[in-house]
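Please read the structure below before turning to the comments.
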Amino acid sequence: MKIVALFPEYIEGQENQLLNTEKAIGLIPFLEEKGHELVILTDNNADLDKHLSDMDVVISAPFYPAYMTKERIEKSPNLKLAITAGVGSDHVDLQAASENNIGVVEVTGSNTVSVAEHAVMDLLILLRNYEEGHRQSVNGEWNLSKVGNHAHELQNKTIGIFGFGRIGQLVAERLAPFNVKIQHYDPINQKDNKYSNFVNFDELVSTSDAITIHAPLTPDTDNLFDYNVLSRMKVGSYLVNTARGKIVNTNDLVELLTAKHIQGYAGDVWYPQPAPADHSWRTMPRNAMTVHYSGMTLEAQERIEEGVKDILNRFFNSEPFQDKDVIVSGGQISSASYKSNKGK
Ligand SMILES: NC(=O)c1ccc[n+]([C@@H]2O[C@H](COP(=O)([O-])OP(=O)(O)OC[C@H]3O[C@@H](n4cnc5c(N)ncnc54)[C@H](O)[C@@H]3O)[C@@H](O)[C@H]2O)c1
């Protein structure tokens, strides 16, 4: 079979990294031994298009996605499986994959702790005004009022979690020792748990001091945090997004940060990815953005490697995938998290 995988270019000296063209999460010997052809790409545009006509499997990570649009899927007559080397399969048009009977499978759970830790870090960075404190230390400044004027404790704040699945719940568990009030909105998981109470969407938006987004990108969440929703957040509140960039409207966020309605924004997810050098989120006020790496710790990369090999072994042996990993199968979207939940 012909397997096409997209990885970032190997850089000498970065020997720990598994998700690159050189290590390719161990797929080079793994597939060679089984007699399959592996094509490794670094460019998700023209290079990928060259292989659509005869590839059987496509593999890419959300950090560096091969955007499998409807158009590309329709030009891929042999394609049977799209594997996400990580969590979050929105870079594949799931509806088109269903209609063309292409399986979409990911390594669910592989990096959930990594992302939850990152989200907690982002909340602390924003509330404590770390970015301004760090900027002054690098630039030779000592302007205490400027940093202190927006430095807060996390304690006693109300933290809203949008999307209370694996990562959302891990975030709640990790935040609890900070003595915060935690609330969540999730159309499927509406139960209170030990750490967090369910509230409706409007309450989450209007009463949280900080919101952290952990829902998948679906037709319901795409562009959901637009001017209308962002302007209903508390004045001076914070937003963290380690889920997907497209859940937040690019220009509306910049406008509300500039107007100081939203005090700070942090996260690692952008649209498109890689983000262009002039993406407005790189330079917007009071941002603590990083490139997309929260789920790419070395521990997570090891689990991703193991998970992708497990998926390929099952595929070659015509064995069922692990239920948790399946997003699309048998011509339909089977993951509850990705099924449309009309009305948010
Ligand atoms: N930044 C990263 O490196 C990184 C890594 C892993 C995952 N992610 C993102 O985080 C997302 C969540 O991951 P997870 O492992 O917790 O997934 P999960 O499937 O366990 O949980 C997602 C939750 O979102 C809920 N949800 C679905 N539609 C919703 C809506 N309209 N409004 C609110 N909630 C909704 C689901 O009911 C589910 O409980 C992934 O889909 C992915 O996009 C990012």
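Only the coordinates and a few stated rules stand behind these numbers; no lab work does. A quick note: this is a predicted structure, and the numbers were derived from the prediction, not measured. Note that we place each Cβ from the backbone using ideal geometry, even for glycine, and neighbour counts take in every protein chain shown.
Cβ-Cβ distance of Glu74 and Asn251, R₀ of 35 Å, FRET efficiency by 1/(1 + (r/R0)^6): the value works out to about 0.65.
Remark: Lys34, Lys234 ranked as Lys34, Lys234, counting other beta-carbon atoms within 10 Å and listing the fewest first.
For the chain, divide the Cα radius of gyration by the Kirkwood radius and give the resulting Rg/Rh value with two decimals. Please report the intermediate quantities before stating the final value.
Details: Rg = 20.7 Å, Rh = 21.0 Å.
Expressed as Rg/Rh, it is 0.98.
Couplings for segment 307-313, taken from phi via the Karplus curve 6.51 cos²θ - 1.76 cosθ + 1.60 with θ = phi - 60°, read x, 5, 5, 4, 4, 5, 4 Hz in order; Gly and Pro are left as x. Legend: ranking of residues Val229, Val104 from fewest to most surrounding C-beta atoms inside 10 Å; resulting order Val229, Val104.
Neighbour counting of Cβ atoms within 10 Å sorts the residues Phe316, Phe162, Phe321, fewest neighbours leading, into Phe316, Phe321, Phe162.
Net charge near Glu9, counting Lys/Arg +1 and Asp/Glu -1 over other residues with Cβ under 15 Å of its Cβ? All intermediate terms of the calculation are to be shown ahead of the outcome.
Details: positive: Lys23; negative: Glu12, Glu15, Glu22, Asp43, Asp47.
Net charge around Glu9: -4.
In units of the compact-protein estimate 2.2 N^0.38 Å, segment 140-249 shows a Cα radius of gyration of 1.13.
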